[in-house]
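Every number here is computed from the coordinates shown, using simple stated rules; none is lab data. Just so you know, these numbers come straight off a predicted model, no measurement behind them. We place every Cβ from the backbone using ideal geometry, glycine too, and count neighbours over all the protein chains shown.
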Amino acid sequence: MTAQVVVRTDRQRRLLHRLPWWIAALFLVGIAVVWIFPFLWMLSASLKDNMEMFTGGLKLWPDKFVWDNYTRAWNDAHFGRYLINTVVVTVITVVIVTVRCATAGYVLARYRFRGSKLFLGVLVATLFVPTGYTIIPVVKISMQLHLIDSLTGLILALSGGAYVSAILLYYGYFRQIPRELEEAAIVDGAGFVRIFFSVMLPLAMPVTATVAVLTFITTWNAFFLPLVFTFSRADLRTVSVGMQAFVGETATDWAGMAAAGVISIVPVVVLFIFLQRYFVEGISGAVKS
Amino acid sequence: MTSRSVRLKTTWIWIFLLPTVVLYGVYTIYPIIASYWYSLVEWNGFDADQKFVGLSNYREVFADPLFWNSFKVTLFFMLLVVPARVLLTLLLAMILNSPKLPLIGLLRSAFFIPVVTTTAIIGVVMRFILDPASGPISTALTKLGFGGVDFLGDQHLALPTAAVLYVWKFFGVTMIYWLAALQTIPYELYEAARIDGAGTGQLFRHITVPMLKPFLIIITVLTIEETFHNFDLMYTLTGGGPYFHTEIIEIYIYRWAFAASIPQLGHASAAAVIFGLLVAVVGAVQLWGVYAGRRLRGDQR
């Protein structure tokens, strides 16, 4: 009898103890809804007609669902093409950046050679070079190489920028792998290239995932370089540049603009939701190192 | 090892470095150096001839009140956003780090979502949301009886509005920095202190604050460096307006190099070099800060 009472009060106390946390959580959910409100509004605006967009205010649920906005954004505003451009540029850039950062990080971490210290020093010294500083020579040299106004030129410029932190992520990871592993592979007769591709790179899978996800999002969202690389070639625009141009060209079609925004943003958001872990790891790496 | 296999290894090392040497060399290292050369010539970018003019571009830039305006805007913007980003995110990170909070994963994701979305698109959409004539905010304000507010068109409101949007957009990055820092504090430390009878305030003052101090330096300087990369948001949001009140240095450079009818690449490059030096000075402070932070952490062990 007494034991039962004790159990019940225990549980009540635990519930009571949890209650403030639930209140805090609900409060935070409220803030979070306000936080993501611009996205909710954009999603709802992309389904309203232009008339309702102006009169509807902050109301989220459209009176009438207008799917036609998406057709207009996709065809008339060329977002179908912009999306393909963005996918092509992003995927190829991710592959180039991941490969070049993995190989560079690997040899810098595992081998001492003439100039290795200097190499690392130059990389660290240029960790924070802003695009606004390098943009003029980048455009100039691309003109000389006949790479301006082309997706190839844009891809090369994007994969040649910064990404020092990606090299450093690989560097840090490869450095802490024990030497015995390498020696065992050498005894088995593996050469330089085999050791890297069949021993080291598979081990570094988590880093590769992090670098790939971070690069994907950086490239997808890039604006400054795509802007100056497509000045005279509207058909080569990426979604971020297309959006800016959309407003200039068809200033009245705001619902179409919202639809174009949804088309452009959904891929990164979906990627983020599925690969969140790697993304967070990549960002916290900056603090830990 | 034989000399042949050593040579083979060296060859492979440089083959592995080759993509980075070429790409990084052409698109980062070369531009850093070339900017200095371009800043010494007069050149419109179309013609082949570049006329060497010495330091006259620098004299022009220094004499241009709009350059100093953009310099001031860049620094003022930094002062507006850095404290908000660093301190408010710490508060949220501490709440989102407590293991007893329900829905923690969902909340973290929600606060992080703006970070992954395309900044340039956010800028365009926000311009409509804040539009004084037809935007939803102004419609709602009018319904409530207030007049419409021209957030981005008013010369006193534009920069603070951009700062609020910037903090909102990149809040999640600093939050993740702090979460990573908080996770370095062993949970047992809190438990032990609580057994000794310490209250929540004491826990914060005597454990959290001293343990986070070295991170504060690192996170602040990382955040400062990030505020220099703000072209995307400013350009799409205000384009530097109204009347240059939000023209950060990156937009100033862009205006002289690409937006003018006759590009003045020498002038723009001189501004870019000064901008690069500013970033480098802050970067040097960063290295010093990281070093000092390490020492602080070392002292505690």
Task: Positive-end extreme of charge dipole, the range A:59-104 - chosen from A:L60, A:V94, A:H78 (charges on Cβ) - done: A:V94
Task: 10 Å Cβ neighbours from other chains, averaged over peptide A:23-35 - done: 4
Task: Length-normalised contact order for chain A - Cα pairs under 8 Å, 6+ apart - percent - done: 30
Task: B:V41 long-range amide H proximity, modeled H, under 5 Å - done: B:V53
Open item on the list: Could you work out [θ]222 nm for chain B from helices alone, using -39500 (n - 2.57) per DSSP H run of at least four and dividing by all its residues? Round to the nearest 500 deg cm²/dmol.
Closed with: -21500 deg cm²/dmol
Open item on the list: Using alpha carbons only, how many angstrom separate the centre of the range A:117-156 from the centre of the range A:210-261?
Closed with: 20
TODO: Using the number of other C-beta atoms within 10 angstrom as an exposure proxy, rank B:Y187, B:Y24 with the fewest first.
DONE: B:Y187, B:Y24
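For the range B:57-300, what is the relative contact order in percent, using Cα pairs closer than 8 Å and at least 6 residues apart in sequence? Write out the running numbers ahead of the final one.
Details: 250 pairs, mean separation 72.8, N = 244.
With pairs under 8 Å counted, the relative contact order is 30 percent.
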TODO: Using packing as a proxy for protection, rank A:127-133, A:29-35 so that the peptide with the highest average count of other Cβ atoms within 10 Å comes first.
DONE: A:127-133, A:29-35
Task: Calculated [θ] (222 nm, deg cm²/dmol) that DSSP helices of n ≥ 4 give over chain A, each run adding -39,500 (n - 2.57) - done: -23500 deg cm²/dmol
Open item on the list: I'd like the trypsin sites (Lys or Arg not before Pro) in the range B:63-170 restricted to DSSP loop residues with at most 14 other Cβ atoms within 10 Å, sorted by number.
Closed with: B:K100
- [ ] Taking the Cβ of each residue in B:E250, A:E281, A:E180 as the centre, tally the other Cβ atoms inside 10 Å and list the residues starting with the fewest.
- [x] A:E180, A:E281, B:E250
- [ ] Give the distance, in whole Å, between the Cα centre of the range B:241-286 and the Cα centre of the range A:56-116.
- [x] 27
Task: Gap separating the Cα centres of the range B:91-118 and the range B:179-224, nearest whole Å - done: 18
Open item on the list: Under 21 Å between alpha carbons: how many lysine pairs meet that in the protein assembly as shown, if sequence neighbours fewer than 8 apart on the same chain are excluded?
Closed with: 7
Open item on the list: Counting other beta carbons within 10 Å of each residue's own, what order do A:D76, A:D149 fall into, fewest first?
Closed with: A:D76, A:D149
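Averaged over its residues, how many other protein chain Cβ atoms are within 10 Å of peptide A:80-86's Cβ atoms?
Average neighbour count from other chains, rounded to a whole number: 0.
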Open item on the list: Just to check I understand the Karplus step: with θ = phi - 60° and J = 6.51 cos²θ - 1.76 cosθ + 1.60, what whole-Hz values come out for the range A:136-148, glycine and proline as x?
Closed with: 5, x, 4, 5, 4, 5, 5, 5, 5, 8, 6, 10, 6
Open item on the list: Give me a comma-separated list of calculated 3J(HN,Hα) values for the range B:75-91, in order, Karplus coefficients 6.51, -1.76, 1.60 applied at θ = phi - 60°, integers in Hz, x for any Gly or Pro.
Closed with: 5, 5, 4, 4, 4, 5, 8, 5, x, 4, 5, 6, 7, 5, 5, 4, 4
Task: Dipole in debye (nearest 20) - chain A, about Cα centre, beta carbon charges: Lys, Arg +1; Asp, Glu -1 - done: 1060
TODO: Enter the mean number of other protein chain beta carbons within 10 Å of the beta carbon of each residue in B:97-108, as an integer.
DONE: 4
TODO: Give the residue from A:Y278, A:V213, A:A109 lying farthest towards the positive end of the charge dipole for the range A:77-288; charges sit on Cβ (+1 for Lys and Arg, -1 for Asp and Glu) and the dipole is referred to the Cα centre.
DONE: A:A109
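Mean separation of Cα pairs under 8 Å and 6+ residues apart, divided by the residue count of the range A:209-289: what relative contact order is that in percent?
Reported relative contact order: 43 percent.
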- [ ] Kindly write out, for the range A:115-126 in residue order, the coupling ³J(HN,Hα) from the Karplus curve 6.51 cos²θ - 1.76 cosθ + 1.60 (θ = phi - 60°), rounded to whole Hz, with x marking Gly and Pro.
- [x] x, 5, 4, 4, 4, 5, x, 4, 4, 5, 5, 9
